[in-house]
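The structure appears below as structure tokens.
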Amino acid sequence: MSAGDDDLNWRIEQACREGWPAAAETVVDGWLLRRSGGRIRRTNSANPLRGKRGAPDAVIDAAESFYIGHGQTPLFRVPDIAGELEAVLDYRGYQPEGGTIHLHAGIGDLAEVRDEQVTVSKVPDEDWLAARFHMGAFDDAERRIFREMTGLILGDRAFVSCERDSEIAALAYGVIRNGLLVVESVETDGRFRQQGLGRKTVGGLIDWARRAGASGACLQVVADNAPARALYASLGFSRELYRYHYRRKPHEPR
């Protein structure tokens, strides 16, 4: 890996982390222990920081104490660029899950897609939030957590939606951090799929970011989500940088 690639990887790590902030964060031995509640793994897991990190056993012990103390199952987010915990997590029986890919593109390499029915707003209105909650099947606690999360986002942000039949059919939001557009929460209502609305929605986000001065864009996509990967490839997200997965502590028998 070149120095330039390493720098870009860690810039994207930080941008994606800041694009979906956690309610509480604690730094321990070069790892960021994130906690928000709910089912979103990124904001309820230990994430590596750039630079020197502690010895694996010490890091895992500290994270276990932190999460168990808050009534949560210890969970590590392990990117390819920081895999030093893998052997010890294996030894301790942590189970892998949730393989995900980081994609990146220069802003000039992305498709120009515009649709007059795509709306861009600096804040999520109640219609946008209601559609997000419906598409994600959020329960009451998850709705509260998501609302609070959007209020923690720093920097330029945009909440985008595409309407059909006078209702929101697809949506996404984006955040610009350190010149990078982070694409998040891309969803299409099941009744309106296979109509290109997701592409138009993300295209609207890219258009906003281009006008806002972003130099590049990045996103995270589940590795086995073929339709989503095809969507992003059609927009120009052709460069895979690195992958990550989670490691979850197994439940111990009582």
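The numbers here are math on the coordinates, done by the rules we state, and not lab data. Just so we're clear, the structure is a prediction, and the values are computed from it rather than from any experiment. Reconstructed Cβ throughout: ideal geometry from the backbone, glycine too, with neighbour counts over all protein chains shown.
Take every pair of alpha-carbon atoms less than 8 Å apart whose residues are at least six positions apart; their mean separation over the length of the chain yields a relative contact order of 28 percent. Computed from Cα atoms, the angle from the helix 56-69 axis to the main principal axis of the chain rounds to 70 degrees.
Among 179, 198, 151, the largest mean-square fluctuation in a Gaussian network model of the chain, built with springs joining Cα atoms closer than 10 Å, belongs to 151.
Neighbour counts of other Cβ atoms within 10 Å put 245, 104, 251, 70 in the fewest-to-most order 251, 70, 245, 104. Each of 201, 188, 119 was scored by other Cβ atoms within 10 Å of its Cβ. Listed from fewest to most, they are 119, 188, 201.
Computed on the range 2-144, with alpha-carbon pairs under 8 angstrom and 6+ residues apart, the relative contact order is 15 percent. In this structure the amide hydrogen of residue 30, modeled in the peptide plane, comes within under 5 Å of the amide hydrogens of 54, none closer than 5 places in sequence on its chain. Here the chain is treated with +1 on each Lys and Arg Cβ and -1 on each Asp and Glu Cβ, and its dipole about the Cα centre works out to around 140 debye.
Taking loop as defined by DSSP and a crowding limit of 16 other beta carbons within 10 Å, which GluC sites (Glu not before Pro) in the range 51-138 fit?
Values: sites: 64, 84, 86, 97, 112, 116, 126; in loops: 84, 112, 116.
Qualifying residues, ordered by number: 84, 112, 116.
For the chain, how big is Rg over Rh, using alpha carbon atoms and the Kirkwood form of Rh? Write down the numbers at each step before the final one.
Numbers: Rg = 18.5 Å, Rh = 19.0 Å.
Here Rg/Rh amounts to 0.97.
For helix 3-19, report the angle its Cα long axis makes with the longest principal axis of the Cα atoms of the chain; keep it between 0 and 90° and round to the nearest 10°. The two axes meet at around 80 degrees. Scaled to the globular estimate 2.2 N^0.38 Å, the Cα spread of the range 184-254, given as radius of gyration, is 1.46. For residue 78, the amide hydrogen comes within under 5 Å of the amide hydrogens of 245, 246, 247, counting only partners 5 or more places away or on other chains and with H modelled in the peptide plane. Once you reduce the range 182-234 and the range 79-134 to the center of their Cα atoms, the two points are 10 Å from each other. Each of 185, 212, 171 was scored by the projection of its Cα onto the charge dipole of the range 105-242, and the greatest displacement toward the positive side belongs to 212; charges sit on the C-beta of Lys, Arg, Asp and Glu.
In degrees, nearest 10, range 0 to 90: what is the angle between the Cα axis of helix 226-235 and the longest Cα principal axis of the chain? Once rounded, the angle reads 60 degrees.
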